[in-house]
Each structure stands twice: as structure tokens, then as C-alpha cells.
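Here the structure is laid out as C-alpha cells; the discussion comes afterwards.
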Amino acid sequence: MYLKLVISALILALFAASAQAQVQVDLSKVTCDQFVHHKVGSPRVMAAWFSGYYNGKRDNLIIDMQDFEASLNKVQRFCEVEKNFTVTVLKAVEQVIGTAK
């Protein structure tokens, strides 16, 4: 539990540092356009948060870095398509990767 808290705090600190004067970001509303064009922060930092969110929901404390990179690339490719710009990143992750245990 302590490890999860430390990792979450670190990710949030990294995200806050890259948020460019934004105090809070509702990640449930971040669109693909904002994600791929760095409008809300670094896509890599946001992907780390999303990865932690979904892995936490599955009680998974092990991160496979190759799987993380592959998933990040899939979501970025999906979000780079102009017709997907209005899709939220949460929806993109669910469509491209899925959220099953």
C-alpha cells in the first residue's frame, strides 16, 4: 500500500511539474487532441498515470515496461488520427487496449 502511495505521489508530482501553470487536470476529460499535442502535459507522464490507474484497478503492482511502451504507442497512434481528436483518452485506452482483468 505504501509503495502505491509513493508511486502515485511521484507520478502526480511529475505531472504537476509539466502541467504548465494548471492547478488541476480532470483526466477523465482529456481528449486525444490534447494528449498528442501536449496541450495538458507530457503524453508520457499522462500515460504513466493512466497505466497506474488501470493497473491499480486490477491490483497489479508489476509494470512490464515493454507492454507499457507498446500500449502507449497504440494509444498515441489511435489519438493521432484526426477523427479521434474529440475522443477522451480514457475511452481511447478502453477501445485500443481494453480494461479487462
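Worth a mention:
- Compared with the direct C-alpha span, the chain from residue 91 to residue 44 gains 15.2 nm at full extension, assuming 0.36 nm per residue.
- Net length gained if the chain between residue 74 and residue 24 were fully extended (0.36 nm per residue, minus Cα distance): 15.4 nm
- Where 96, 30 fall by accessible area, highest first, once all protein chains stay in place (1.4 Å): 96, 30
The values are calculated or read from the model by the stated rules, or taken from the named source; none is laboratory data. A quick note: this is a predicted structure, and the numbers were derived from the prediction, not measured. Protein only, heavy atoms only, side chains kept; ligands, DNA and RNA dropped before computing areas. Shrake-Rupley method; radii C 1.70, N 1.55, O 1.52, S 1.80 Å.
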